[in-house]
1. Looking at region 791-824, which of the residues that are hydroxyl-bearing (Ser, Thr, Tyr) and either in contact with a helix residue (DSSP H, G or I) (Cβ under 9 Å, 6 or more places away or on another chain) or part of a strand (DSSP E or B) (or both) is nearest to Ala769 (Cα to Cα)?
2. Six or more apart or on different chains, Cβ atoms under 8 Å: show the pairs whose first residue is in region 694-713 and assigned by TED's automatic domain parsing to the domain that holds Asp606 and whose second is of a type in the set (D, E, K, R) and assigned to a loop (DSSP other than H, G, I, E, B).
3. Report, by residue number, each residue of region 315-341 that is out of contact with any Asp or Glu (no Cβ under 7 Å at 6 or more places or on another chain), within 15 Å of Leu370 (Cα to Cα) and not basic (Lys, Arg).
4. Confirm whether Thr474 is under 22 Å from Glu401 (Cβ atoms), outside any loop (DSSP other than H, G, I, E, B), touching a residue at least 24 places away in the same chain (Cβ under 8 Å) and touching an Asp or Glu at 6+ places or on another chain (Cβ under 9 Å).
5. Any residue that is buried (at least 17 other Cβ atoms within 10 Å of the Cβ), touching a residue at least 12 places away in the same chain (Cβ under 8 Å), assigned to a strand (DSSP E or B) and of a type in the set (Asp, Glu) - is there at least one of those in region 90-98?
6. Quick one: which residue in Ser162, Ser125 is over 35 Å from the mean Cα position of the chain (by Cα) and either surrounded by fewer than 17 Cβ atoms within 10 Å (Cβ to Cβ) or farther than 26 Å from Thr229 by Cβ (or both)?
7. From the list Leu555, Leu560, exactly one residue is outside the structural domain of Gly744 (by TED's automatic domain parsing), of a type outside the set (Gly, Ala, Ser), surrounded by 15 or more Cβ atoms within 10 Å (Cβ to Cβ) and touching a helix residue (DSSP H, G or I) at 6+ places or on another chain (Cβ under 7 Å). Which is it?
8. When Gly840 is evaluated against the numbered criteria (1) modelled with pLDDT of 90 or more; (2) part of a loop (DSSP other than H, G, I, E, B), which criterion, by number, is the only one it fails?
Amino acid sequence: MKNFFIIIFFLTLCFKGFSQLRPTLRTSNSSEVNDKKELDYLNPKEYVIGGVNITGVEFLDKSVLITIAKLEVGERIMVPGDATSNAVKNLWGQGLFDDVSLEINRTSNDTIFFDLNLEERPRVSKVVLKGLSKSETTDIQEKLNNQKGKIVNENLNNNINSIITKHFYEKGFLNTTVNIDAVNDTSDANSRIVNIKVDKKSKVKVNAINIDGNKDFTDAKLKKFMKKTHEQAWYKVFGSGKFLRDKYEEDKELMIAKMREKGYRDAEIIKDSVYKNDEKSINIDIKLNEGNKYYFGNVTFAGNAKYPSSLLKQILKIEKGEVFSEAKLEKTLRSSPSSDDVSSIYLNDGYLTFNADPVQTRIYNDTVDLEIRIYEGPQYTINKIILKGNELTNDKVVLREIRTKPGQKFSKDMLVRSQRQITQLGNFDEQKVDIKPIPNPVDGTVDIQYTVVEKPSDQIELSGGFGGGRIVGTLGLTFNNFSARNLFNLKAYKPLPKGDGQKLSIRGQTNGKFYQSYSFSFSEPWFGGKKPIYLGISAFTSLQSNGLNRSNPSLQKIRLNGLTFSLGKQLKFPDDYFRIDYAANLQQFKLTNYSGYLFENGDSYDLSLSQVLSRNSVDAPIFPTSGSNIKFTVQATLPYSSFNGKNYDNLATSEKYKFSEYHKWKFESQFFQKIYGKLILKAQAQFGFLGFYSKDVGQAPFGRFKVGGDGLQGFDFLQGSEVIGLRGYANNSVVPEGAISTAGSPIFNKYVLEVRHPITLGESATVFALAFAEGGNTWNKFSEFNPFNVKRSVGVGARIFLPIFGLLGIDYGYGFDAIPGNSQANKGQFHFSIAQQLGGFN
């Protein structure tokens, strides 16, 4: 009891003394609330806030700080009380200050004025990265740019650490460490330089994938379903076993999807874990519920009025007893790449809002019955076409390619075809062509908005190379969106008139007085403006000589002059992918002491007509993923020998071939097919035959085929030959056995299998890698022709399309078959191509 009274006595003294002291409220780091007068804490008084004076703030908004402190002028608060202490706590909680103090400046009757003294924390002036390569530093700096100017505190450190570790985590560096140190910036007392030291450590690979719960699926089969997550092994060249979290998450979903495709509709991952094996690898444990295998039962339709159930079931292609697969059901119901699904027959007939909902009505034993509930909706008619994004190209150039016209019924196929036609123009980014139907349910119409993004389409060819034993320089300009009608409109020059979809090409190539070649071409795809009638005009002149002048008897030269007029149109039968083109060609060959042909001196004229029947359904001109390109060409001259009355047995050789006579047949085909993901297969076949009318005249000296090498024409174009590339062999090296002439052969064939995978598909560049196997050969007569006797090769390569330069490429090929008399022709060859024609067959 004595102790109790002593405690009470001391507490009373302390309380009385406290009430007489000048009041002070302190928080962490010396934050405080002071007044400049004696306050009675036992008797708080209500005041009206008359003003708050803030000091020590340079970067922050004072009005916002007053709002955070909740000390708005005019507010009534109790002093002392919670309002003042909470003001300090609220500001301190923002993490923006090293010191916060609130003082009473003065009071006037029932009005109180405060001084709010703040000390801002320093801010980031510069971020310095250490321990990374130059490219890695650039990538990280881009992600940390928005950290400049932020407060230096623990939140900043956590944010930087998260950004960097996440960046490298996604690249397979799971053990990345980040050390952050902020030092004073001598140029600014309130700034800090943040030094960041990054240690990526090694890429983490998958040591083992352990799967539990599978019965019908083997471990190997399930691991094969995981396309991007593999166990590391010395024999795996591709998919080396590095672990990427996002790819692993995708692979888990893919594995379950594959199991469900096989009928295991209940398959699921119960749990999984990724844990450390050692410093460089991890293990993965996956526990599965495999479930039972199911089969399709009865499939019925409900709600369909337009088409009978029998027709829809025929299109669906699902029979009772088939292995149950939601993936197959979805494909045949609405997502078939070839548009042979149930949804397409409705969408192609105007039913824009069509929907089909497959409902599992009954599950018994291992069987699933389905009812597909159809909502047909109204038929929509196209109201108007909206075009956006074509800043350079005139509206008419795009609109004339669009297959959806106002007044027609809506059609999904016509949307897809319109997108293809727009990309084929070559003026727009293929990946950014967007088509958006905008339905108007009130009147049953739909507006269709086409949005395109212009890309540079003009090309320049500026190169130097080695040909004919000398340096050859080339300058070529191609304007793919030219406008001839604005040729005299100076305001339209940018730098030349553009926007009408015409093509103008000018090219020059020379190594001085030994070789010169100049060409010009112009084409209009819609001659007359109303129908897709193609008009083309081209002219060229080329010269090759030994550099001597005319007065020198040792002069050797060949000049080739040419002029071509072509006219073509799109066909509607068998379908509108077909077109037919006609051309009139005139070429003049002038030889002076030029060996290698059937005559060395004189002039030869080649006047021919040609017809090309083609069908091109590839989905994109630069990197096709589907479709085909087939071309059949017939070219012929008049059979002069049958009506000119000349006796060819007594004619000089130069007179005999003064007018070339021949008939030429060519077949070329390409097919593109998506194999898996973005991996594309290209299959190609070519055949050519140059025939003659009379045995007395024989084969024409020009227009023959040369096989081998990169397929670029070079000097061979000057010599009137067609060059067919065959990678893995030297240029023009594939000749018939025992052949002596270098003028080419009258018969050739060629086959190609090529797999392609894109590296980047974008507006600025398209890059893809490829691997190929091909074969080809030449023959002098049909009696020797054997389409399976070909020179074979394999190799790898890459292509890059730059809008300004066109298609550039490099290949390395190795030929398996020796060339008699040329032992080095097949011993591995690098091939370079510049400004190669898109979609070309070489």
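The values are calculated or read from the model by the stated rules, or taken from the named source; none is laboratory data. Because the structure is predicted, anything quoted here is derived from the model rather than measured. Using ideal geometry, Cβ is built from the backbone for each residue, glycine included, and neighbour counts are taken over all protein chains shown.
1. Within region 791-824, the subset hydroxyl-bearing (Ser, Thr, Tyr) is 793, 812, 814, 823.
Next, from what is left, pick out any that are either in contact with a helix residue (DSSP H, G or I) (Cβ under 9 Å, 6 or more places away or on another chain) or part of a strand (DSSP E or B) (or both): 793, 812, 814.
Values: Ser793: 17, Tyr812: 12, Tyr814: 17 Å.
Only one residue tops the list, namely Tyr812.
2. Ser694/Glu661; Asp696/Asp649; Val697/Glu661; Ala700/Glu661; Gly709/Arg727; Asp710/Arg727
3. Listed by number, the residues that qualify are Leu316, Ile318, Glu319, Gly321, Glu322, Val323, Phe324, Glu326, Leu329, Glu330.
4. So Thr474 does not fit the description; no.
5. no
6. Going through Ser162, Ser125 in turn, the sole match is Ser125.
7. Leu560
8. (1)
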